[in-house]
Amino acid sequence: MTVTRLLPRLLQRRLRYPIARYFSSQLPATSQPLGTPLPTDEHACSVSLPTWGSVVGYEEGDPSVTLQMKCGYPRFVYHPYVLQLMDVVVQQHSQMDCLVLPSAAAAKRCQAFLQQALEGKAVADNAWIGGSLEDILTTTTTTTTNIQVVSVGAQNIHAVLFPAQTAWGMEAKAYWQHTGEVVSSRRAERALHDLGISLRKKVTSCGSQHHAASCPTITPHTILQQQLSQWTQVPTDHIFLTPSGMSSIYHSLRSARRYAQQCKQTNGRSIVYGFPYLDTLKLCSRPELCPAGTEFFGYGNAADLQSLRQYLSQHGSQVAALLTEVPSNPLLQCPDVYALRELANEYHFCLIMDDTIANFLNVDLLQTGLADAVCTSLTKLVSGRGDAMAGSIVCNPNTAQGQWMQQDLQQHHSNDDLFVADAYAISQNAQDFVQRNEQINATAGALTEYLRQHPAVQTIYAPDVSPHYQQLRSSEHANGGLFSMMLSSHMCQRTFFDALDVAKGPSLGTNFTLVCPYTLLAHYHELEFATQYHVPPNLLRCSVGLEPFDVLRDKWDQAFATSQLYPRVKVSNVLQ
């Protein structure tokens, strides 16, 4: 069988979209040195971890690795501009540490989180803090506390001050990571400028592709909402913007909990269905953020569906939301969303779906009436370039709970936590989202089909084999650009990763192919937990970019050729 026969018809057609424009010196087409921003941009959202050892060193805090990292994924590693801004605040408040947040409301929510987590104080429900009902709820602003909220004096940034102790810093970082209420590098950079402070260190010498946005008639937020409306066929007033993808999940959960309290007279438990991206489960598991608790159905299979039905028959009246991914990260599994929709209708909870891996164009969860709210990390394929953070919540006008969430978020949510320059960068990057999605679908489909027949590969995890996903996808090739893989027993997974000549680091959905040992990065300190849900420790997650199929095939083959533990089979030219 020839390689050409494996290619989808879409890929065999002459590509109408120019690939070369993406592979400038700023967008990596090969493996990059340790610590290099990916892409080479001062606002890069990923960083090169090019070897298995560097990933382990990063997870263990090895200075030989961490000191070489010029940046990191922004929810996990504070950007240098953010660190500089926090240093400015700390210099004004001796013997205190701080965390900067994108608004006063976000800072108050973080303050309450820390008061509950570390001071054991009874605080206002996080679902309401920052909303219009805050003034009539019990707050802790007048009680004795070690935690203060102060204005930074620029770009609406507020800082939460707390004792300069390790435990406090770790809990503050947990809030930043799990809720996604981050101050972006662009916002921090602009705030430093407004305060008359020069940047002490540039991340790269290349600067940024995007500059300050100025438009007298329409804001970047509105432009971005209009783009999302075009792709989802949902009115713009049903679309809400957040500073990150995790923040969209956090604010959807807050809205669902308000729904449970007002419409079901319960504090509202959450359900996480299927093995999700790590912070979704951690967010729902924090009592400060979801005090009624969460139930985890980590397999998302038929047995879990039966267990879920049994659970709801006893506790359905107490459930605020069920959160699931379509498909899941990193195993690319898809739940039976039609069954979940029936249960949401029966028990009147909000069905929140994260479509980041699939995206709006490949699956329709809105016009089908399946999801009440769709959460998306716009940082990923919608942007593509990997140089800006943003998220969106699209409330479904076709479901009762979706309509309720839309009215609720109009009252309680502010799009301004997404910085204007980040909204501008995302909207500019997204202008060719449709064409890029089409091309990446085709290339990823060809590559996964090639690898499934390769003797060096034991397992390919991709959504196209799921009958539930097949029901949802817009076409045969609309399977997205992400897959995960395990090599056969005669291959060395670590050697293969080190030899693979593509960009390697966290994140996904970039215009350049990006690979990481996902389980190590996401679950290094809980490998047994991940293994319990069939997520192998050595799993490699691969996000396909805009490189041609034959280029990626050759890179994989070259890495295979160097990674045999013993010559059990011939692994080159398999399909010739």
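For the chain, the share of DSSP beta bridges that are antiparallel, to the nearest 5, is 65%.
About the Cα centre, and with charges only on the beta carbon of Lys, Arg (+1) and Asp, Glu (-1), how big is the dipole of the range 220-430? Nearest 20 debye, please.
On the way: 11 positive and 18 negative charges, 65 e Å.
Computed about the Cα centre, the dipole is about 320 debye.
A full extension of the chain between residue 167 and residue 410 corresponds to an added length of 83.9 nm, given 0.36 nm per residue minus the alpha carbon distance.
Considering only 179, 233, 84, the residue lying farthest towards the positive end of the dipole of the chain is 233, judged by Cα position with unit charges set on Cβ.
Report, in whole Å, the centroid distance computed from the Cα atoms of the range 365-397 and the range 222-262. Result: 8 Å between the Cα centres.
Of 417, 97, which has the most accessible area and how do the rest follow, probe 1.4 Å?
Numbers: 417 15, 97 55 Å².
Putting 417, 97 in descending order of accessible area: 97, 417.
Angle of helix 185-194 to the longest C-alpha principal axis of the chain, folded into 0 to 90 degrees and rounded to 10: 50°. When only the Cβ of Lys, Arg, Asp and Glu is charged (+1, +1, -1, -1), the dipole of the range 144-205 relative to its Cα centre reaches about 320 debye.
Please work out the average accessible area per residue across the range 220-430, using the 1.4 Å probe convention, and give it in Å². Could the numbers behind the result be given before it?
Values: 5900 Å² over 211 residues.
With the other protein chains kept in place, the range 220-430 gives 28 Å² per residue.
Taking the charge dipole of the chain about its Cα centre, with +1 at Lys and Arg Cβ atoms and -1 at Asp and Glu Cβ atoms, the residue from 94, 38, 502 reaching farthest to the positive side is 502. Checking (i) 24.2; (ii) 27.4; (iii) 28.4 against Kirkwood radius over Cα pairs in Å calculated from these atoms, the matching label is (i). For the range 220-430, DSSP calls about 35 percent of its internal beta bridges antiparallel. Sorting 521, 27, 67 on solvent-accessible area from highest to lowest, probe radius 1.4 Å, gives 67, 521, 27. Seen against the Cα atoms of the chain and their longest principal axis, helix 420-429 is set at about 20 degrees.
Evaluate E = 1/(1 + (r/R0)^6) for residue 434 and residue 403, where r is the Cβ-Cβ distance and R0 equals 35 Å; express this FRET efficiency to the nearest 0.05.
On the way: r = 28 Å, r/R0 = 0.80.
It comes out at approximately 0.80.
Placing unit charges on each Cβ (+1 for Lys and Arg, -1 for Asp and Glu) gives the chain a dipole about its Cα centre, and among 386, 533, 151 the Cα reaching farthest toward its positive end belongs to 386.
Give, to the nearest whole percent, the P(r) tail of the range 220-430 beyond 20 angstrom, counting all Cα pairs.
Numbers: 11560 of 22155 pairs.
Taking all Cα-Cα pairs of the range 220-430, the fraction more than 20 Å apart is 52 percent.
For the chain, the longest principal axis of the Cα atoms and the long axis of helix 104-119 meet at an angle of about 90 degrees.
Estimate the FRET efficiency between residue 561 and residue 202 by the formula 1/(1 + (r/R0)^6), using the beta-carbon distance for r and 45 Å for R0, to the nearest 0.05. Please report the intermediate quantities before stating the final value.
On the way: r = 39 Å, r/R0 = 0.87.
Efficiency for this residue pair is about 0.70.
If the chain between residue 501 and residue 533 were fully stretched, how many nm would it gain, using 0.36 nm times the residue separation less the Cα-Cα distance? Please list the in-between numbers first.
Values: separation 32, 0.36 × 32 = 11.52 nm, distance 3.02 nm.
Extra length available between residue 501 and residue 533 comes to 8.5 nm.
Taking Cα centre as origin and charging only the Cβ of basic (Lys, Arg, +1) and acidic (Asp, Glu, -1) residues, the dipole magnitude of the range 259-350 rounds to 180 debye. As a calculated quantity, the FRET efficiency between residue 104 and residue 311 at R0 = 30 Å, using C-beta atoms, amounts to about 0.20.
The values are calculated or read from the model by the stated rules, or taken from the named source; none is laboratory data. Fair warning: this is a prediction, and the values are worked out from it, not measured in the lab. Positions of Cβ are generated from backbone atoms using ideal geometry, with glycine treated the same way; all protein chains shown enter the neighbour counts. Protein only, heavy atoms only, side chains kept; ligands, DNA and RNA dropped before computing areas. Shrake-Rupley method; radii C 1.70, N 1.55, O 1.52, S 1.80 Å.
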